[in-house]
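Chemist: Sending over a structure as structure tokens; questions will come in a sec.
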Amino acid sequence: MRRDFLKMCGLAGLGLAVPYRGAEVEAADAKKDEPYAGPFHVVFNASGGWDTTYLMDPKGVNGINRLYKDGDILTKGAHKYAPNKKDAKGGMCNEEFYAEFGDELFTFNGLDYSVNNHSPGARYMATGKLDSLAYPTFAALVAACRGPDCPLAFLTFGNYSATGNLVAMSRVPYLPSLRNIANADGVGGNEKSPYHDKFALDRIEQALREGHEAHLARPQLPRAERAENMLYAAQVNSKALQRVTQYIPAQIPKERMAQQAEIALASFKAGVCVSANITIGQFDSHANNDPDQMKLIPEFLAGIAYLVRRAGELKIREQLVVVVQSEMGRTPNYNAGNGKDHWSIGSSLFLGKGIKGNRVVGATDDKQFAVPLDPATLKLDKEKGVRVRPEHVHEALREHAGIADHALSKKFPLGVPDKERLKGFWG
């Protein structure tokens with residue numbers, strides 16, 4: 001009878017979970033104590049829309065900038081960048097950033113966002129898909145493909161963070177919160193004051209396992225089965241999370257991006273996290289563009305530098321993949337309030353494992369419009385080239401991460417024709 005019932009469900013298009021130990025359950029048992037070793041993906045978001053002409057796409061002509069002229073533009077290897085040392089308010093000036101990281105930095109200019117509104121722009125840059133709310137961010141997708149059983153597989157500190165129901169979204173706002181999570185079995189997060197003795201914890205885990213197996217023995221719809229498996233994986237990962245404790249710094253940094261970086265890095269080093277979405281806002285400089293950007297860009301660069309340097313101290317820098325982006329740029333003209341409004345052309349920065357540095361691909365013209373390029377050669381081609389949009393970059397990111405052919409990626413196709421795929425994008 002049961003066999004006939006399941007057969008009829010299959011013919012009717014209904015999927016029921018048969019009682020078996022799925023791959024996720026077996027992975028939770030077999031790998032729950034095995035640290036994830038990398039690569040670790042970090043996406044930095046300049047939320048609100050940065051002024052790229054004050055960073056990696058300098059102009060100095062047509063009144064686009066007021067703080068420097070064309071002849072003031074600086075170079076470091078293949079890079080051209082805006083001088084801002086004399087105007088930067090705190091943080092890290094462009095001159096220092098390019099001196100330290102220029103050799104490993106890859107810049108893409110002339111990215112066509114296609115829209116100039118915050119919500120769709122942030123979604124498009126995060127997922128590579130403009131016209132769907134169902135797609136996961138790249139950070140969530142790579143976490144689901146590479147480390148779905150990691151307790152904190154996908155960490156996010158804000159900005160667009162959809163997961164496509166593929167992986168849990170973890171939010172850990174403060175370092176003390178991370179300590180409490182890492183030592184959830186300790187009173188007040190103190191590992192020296194456990195709620196239960198070890199033998200009791202072992203009995204609790206055994207009871208959870210038996211209860212989970214009994215639950216799986218009952219037919220379930222696929223979504224319910226997946227939710228049950230994710231809950232069980234979270235429950236049995238308490239011991240894995242304890243590894244984080246030793247990497248939480250005794251001194252909490254004051255800078256907001258440094259705090260986010262420390263949470264992500266401690267989780268990476270402990271092998272309980274695959275990706276992190278780091279963000280700061282207030283880049284939407286409709287008034288007083290220059291003072292605002294000169295405060296925020298240096299803070300943003302300092303946050304990137306902090307993470308990369310600390311990753312070096314923790315000996316995981318070679319496993320880092322860093323994406324730096326914003327959901328829009330700023331107009332090439334100033335408004336009546338000395339601000340700049342939304343502009344649908346911008347840039348992105350990349351560095352890390354498998355990314356050849358000291359490179360610049362793409363461009364904008366003297367009026368800050370994107371110049372099309374040949375996707376096969378990456379050379380500018382105004383007549384026959386394509387306008388590179390976020391889906392082109394995301395397709396390249398998936399290929400770089402080795403997940404382009406993963407079943408989960410195929411559930412969320414980006415629709416980039418083969419002839420438009422960016423060849424040799426990473427060098």
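Chemist: Any idea how many residues of the range 88-124 are closer than 16 Å to residue 54 by Cβ and acidic (Asp, Glu)?
Modeler: Counting residues in the range 88-124 that are closer than 16 Å to residue 54 by Cβ and acidic (Asp, Glu) gives 2.
Chemist: From the list 332, 413, which one is assigned to a loop (DSSP other than H, G, I, E, B), free of Cβ contacts under 8 Å to residues at least 24 places away in the same chain and either farther than 24 Å from residue 103 by Cα or open to solvent by less than 30 Å² (accessible area, probe 1.4 Å) (or both)?
Modeler: 413
Chemist: Among the residues of the range 374-386, which ones are open to solvent by less than 70 Å² (accessible area, probe 1.4 Å) and more than 15 Å from residue 417 (Cβ to Cβ)?
Modeler: Once the filter is applied, which keeps residues that are open to solvent by less than 70 Å² (accessible area, probe 1.4 Å) and more than 15 Å from residue 417 (Cβ to Cβ), the range 374-386 yields 378, 381.
Chemist: List the residue pairs whose Cβ atoms are under 6 Å apart, where the first residue sits in the range 295-309 and is over 17 Å from residue 102 (Cβ atoms) and of a type outside the set (A, V, I, L, M, F, W, C), the second is buried (at least 22 other Cβ atoms within 10 Å of the Cβ) and modelled with pLDDT of 95 or more, and the two are 6 or more positions apart or on different chains.
Modeler: Hits for this filter: 303/257; 306/261.
Condition check ((1) more than 29 Å from residue 264 (Cα to Cα); (2) among the aromatic types (Phe, Trp, Tyr); (3) touching a Leu at 6+ places or on another chain (Cβ under 9 Å); (4) modelled with pLDDT of 85 or more) across all residues:
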position	(1), (2), (3), (4)
9	yes, no, yes, no
44	no, yes, yes, yes
53	yes, no, no, yes
56	no, no, yes, yes
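Chemist: May I pose another question? For the range 343-373, enumerate the residues that are in contact with a Lys or Arg (Cβ under 7 Å, 6 or more places away or on another chain), crowded, with 20+ Cβ neighbours inside 10 Å and of a type outside the set (A, V, I, L, M, F, W, C).
Modeler: 368
Chemist: Are there helices (runs of 4 or more DSSP H) fully within the range 87-175 with at least 3 residues that are open to solvent by less than 10 Å² (accessible area, probe 1.4 Å), more than 25 Å from residue 293 (Cβ to Cβ) and modelled with pLDDT of 95 or more? List them.
Modeler: Where helices (runs of 4 or more DSSP H) fall fully within the range 87-175 and carry at least 3 residues being open to solvent by less than 10 Å² (accessible area, probe 1.4 Å), more than 25 Å from residue 293 (Cβ to Cβ) and modelled with pLDDT of 95 or more, they are 138-146.
Condition check ((1) modelled with pLDDT of 95 or more; (2) part of a helix (DSSP H, G or I); (3) crowded, with 24+ Cβ neighbours inside 10 Å) across all residues:
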position	(1), (2), (3)
264	yes, yes, yes
267	yes, yes, yes
271	yes, no, no
277	yes, no, yes
286	yes, no, no
290	yes, yes, no
297	yes, yes, yes
300	yes, yes, yes
305	yes, yes, no
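The values are calculated or read from the model by the stated rules, or taken from the named source; none is laboratory data. None of these values were measured; they are calculated from a predicted model. Positions of Cβ are generated from backbone atoms using ideal geometry, with glycine treated the same way; all protein chains shown enter the neighbour counts. We work out accessible area using only protein heavy atoms, side chains counted, and drop any ligands, DNA or RNA first. Shrake-Rupley method; radii C 1.70, N 1.55, O 1.52, S 1.80 Å.
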